[in-house]
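Okay, structure first, notes after.
The values are calculated or read from the model by the stated rules, or taken from the named source; none is laboratory data. Worth saying up front: this structure is predicted, and the values here are computed from it rather than measured. Glycine also receives a Cβ, built like all others from the backbone with ideal geometry; neighbour counts cover every protein chain displayed. For the accessible areas, the whole protein counts, side chains as well, though only heavy atoms, and no ligand, DNA or RNA atoms are used. Shrake-Rupley method; radii C 1.70, N 1.55, O 1.52, S 1.80 Å.
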Amino acid sequence: MNITIQKNPNPGTLPPANQLGFGNYFTDHMFLMDYSREKGWHDPRIVPYGPLTLSPASAVLHYGSEVFEGMKAYRSPENKILLFRPWENMARLNKSCARVGLPELNPEDALDAIRQLVELDRDWVPSAEGTSLYIRPFVFAADAKLGLHTIEEAIFAVILSPVGSYFKDGLQPVSIMVETEDVRAVRGGTGEAKCGGNYAASLRAGDRAASLGFSQVLWLDGIEQKYVEEGGAMNIMFKIDGKVVTPMLNGSILRGITRRSCIELMQHWGMEVEERRIALDEVIEAAKAGTLEEAWCVGTAAVVSPIGELYHKGTSYVINNNQIGELERKLYDELTGIQWGKRPDTFGWVDVVC
Ligand SMILES: *Cc1c(COP(=O)(O)O)cnc(C)c1O
């Protein structure tokens with residue numbers, strides 16, 4: 001794709017690794033491309049990072065027509081900049097677009113845009129242990145028309161943010177709360193799409209959990225509130241009595257790429273992984289019986305996040321003595337090893353940008 005590049009005349013500098021946190025700083029440039037029904041996607045450009053100008057009537061501001069992706073660029077010991085399974089993100093972005101009526105992208109062009117932007121801002125990819133450059137591609141409706149209508153204008157944008165290590169002191173078990181009031185997604189809804197509105201609707205429960213000292217909520221299914229679905233922005237896995245189980249993709253769960261990668265790794269290691277419906281009761285019974293060996297969340301941000309405590313309706317269940325489990329550690333080490341280019345990429349998951 002032929003991208004015009006306007007360089008930032010006032011480039012910034014990468015803050016020290018211990019100040020980064022998550023999503024607080026942005027690089028010198030961003031990618032933008034416009035869509036209109038007549039012209040299709042056009043005018044791909046890299047410009048200095050900065051505010052956008054939008055009509056106050058833009059559909060995104062009224063009807064929430066927005067979808068996004070979350071991926072990372074990693075700096076390898078050889079100073080190569082690597083992406084992890086970016087093709088999967090592009091495919092998922094298009095599925096999300098299709099679900100909310102936004103125009104789909106050519107996945108090769110979208111990835112090309114990300115690669116060119118990351119290469120231009122490669123000095124912003126931090127190098128300290130556990131740090132990376134978070135990549136946020138997003139698509140939103142820009143039509144300046146208030147009537148609820150088919151989207152005719154949209155923008156595809158990519159911004160980049162250097163991020164610190166998710167765990168400040170290495171892998172740490174977290175406490176999570178089962179959410180019993182709000183639901184995140186329902187059958188036929190938008191749970192499988194990474195669309196902005198899902199997260200707006202989940203914030204209240206997240207805040208409630210945080211005020212009680214929990215780092216995340218565990219969502220149950222939206223119909224019976226009986227089956228385990230996923231964490232706030234992470235999928236969930238359990239090891240019960242020697243067997244790994246994870247909720248099956250049922251249309252209301254996000255198709256996590258970390259989830260898929262963990263399943264493929266464990267299968268490669270000869271382990272059996274069941275993808276099926278899991279009742280919360282089953283998990284609680286296992287916790288009581290002492291057969292819930294490990295429970296962990298998986299997602300791009302944290303990779304593997306061990307769950308040390310599960311709280312449900314006034315009762316706390318401690319998992320694995322609030323310690324990091326053997327399988328959690330093994331998955332974390334292998335996945336992060338591949339992502340940061342420290343272990344062999346035997347599955348062809350790594351894309352070298354530059
Ligand atoms: C992004 C996300 C995940 C994790 O997906 P990855 O591709 O592994 O990063 C899981 N659940 C929700 C709700 C998400 O938004």
State which residue is least open to solvent (accessible area, probe 1.4 Å) when the search covers only region 219-250 and only residues that are more than 13 Å from the ligand (Cβ to nearest atom) and in contact with a Lys or Arg (Cβ under 6 Å, 6 or more places away or on another chain).
Y227
Among the listed residues I236, I176, I263, I253, which satisfies the condition of being part of a helix (DSSP H, G or I), touching a strand residue (DSSP E or B) at 6+ places or on another chain (Cβ under 6 Å), among the β-branched types (V, I, T) and in contact (Cβ under 8 Å) with a residue 12 or more places away in the chain?
I263
Can you list residue pairs whose Cβ atoms sit under 8 Å apart, with the first residue in region 60-89 being on the phi > 0 side of the Ramachandran plot and the second being hydroxyl-bearing (S, T, Y) and buried (at least 21 other Cβ atoms within 10 Å of the Cβ)? Count only pairs 6 or more apart in sequence or on different chains.
R85/S261
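The rows are residues; the columns are (1) modelled with pLDDT of 95 or more; (2) part of a strand (DSSP E or B); (3) over 24 Å from A128 (Cα atoms).
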{"position": "Y25", "(1), (2), (3)": "yes, no, no"}
{"position": "M33", "(1), (2), (3)": "yes, yes, yes"}
{"position": "W41", "(1), (2), (3)": "yes, yes, yes"}
{"position": "P44", "(1), (2), (3)": "yes, yes, yes"}
{"position": "P51", "(1), (2), (3)": "yes, no, yes"}
{"position": "V67", "(1), (2), (3)": "yes, yes, yes"}
{"position": "K72", "(1), (2), (3)": "yes, yes, no"}
{"position": "L83", "(1), (2), (3)": "yes, yes, no"}
So, in region 90-99, exactly how many residues are in contact (Cβ under 8 Å) with a residue 12 or more places away in the chain and out of contact with any strand residue (DSSP E or B) (no Cβ under 8 Å at 6 or more places or on another chain)?
5
Matching residues in region 192-205 - criterion: being outside any loop (DSSP other than H, G, I, E, B), open to solvent by 30 Å² or more (accessible area, probe 1.4 Å) and not hydrophobic (A, V, I, L, M, F, W, C)
G197, Y199, R204
Taking the condition on the phi > 0 side of the Ramachandran plot and either within 16 Å of the ligand (Cβ to nearest atom) or touching a residue at least 60 places away in the same chain (Cβ under 8 Å) (or both), does G206 pass?
no
Given (1) touching a strand residue (DSSP E or B) at 6+ places or on another chain (Cβ under 7 Å); (2) more than 30 Å from I5 (Cα to Cα), where does F156 come up short, assuming only one miss?
(2)
Out of N94, N18, N2, sole residue that is more than 21 Å from P162 (Cα to Cα) and either aromatic (F, W, Y) or under 23 Å from the mean Cα position of the chain (by Cα) (or both):
N94
How many residues, within region 172-181, are surrounded by fewer than 20 Cβ atoms within 10 Å (Cβ to Cβ) and under 21 Å from the mean Cα position of the chain (by Cα)?
3
Are any of the residues in region 183-191 within 20 Å of the chain's Cα centre (by Cα) and surrounded by fewer than 19 Cβ atoms within 10 Å (Cβ to Cβ)?
yes
Filter region 77-115 for residues that are closer than 16 Å to I257 by Cα and acidic (D, E) and give the result.
E88
Across (1) surrounded by fewer than 16 Cβ atoms within 10 Å (Cβ to Cβ); (2) of a type outside the set (K, R); (3) away from the ligand (no atom under 16 Å from the Cβ), A113 clears everything bar (1)
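Out of the residues in region 255-293 meeting the condition of being of a type in the set (G, A, S) and either open to solvent by 20 Å² or more (accessible area, probe 1.4 Å) or away from the ligand (no atom under 16 Å from the Cβ) (or both), tell me which one is farthest from the chain's Cα centre (by Cα).
Residue satisfying both the conditions and the ranking: A289.
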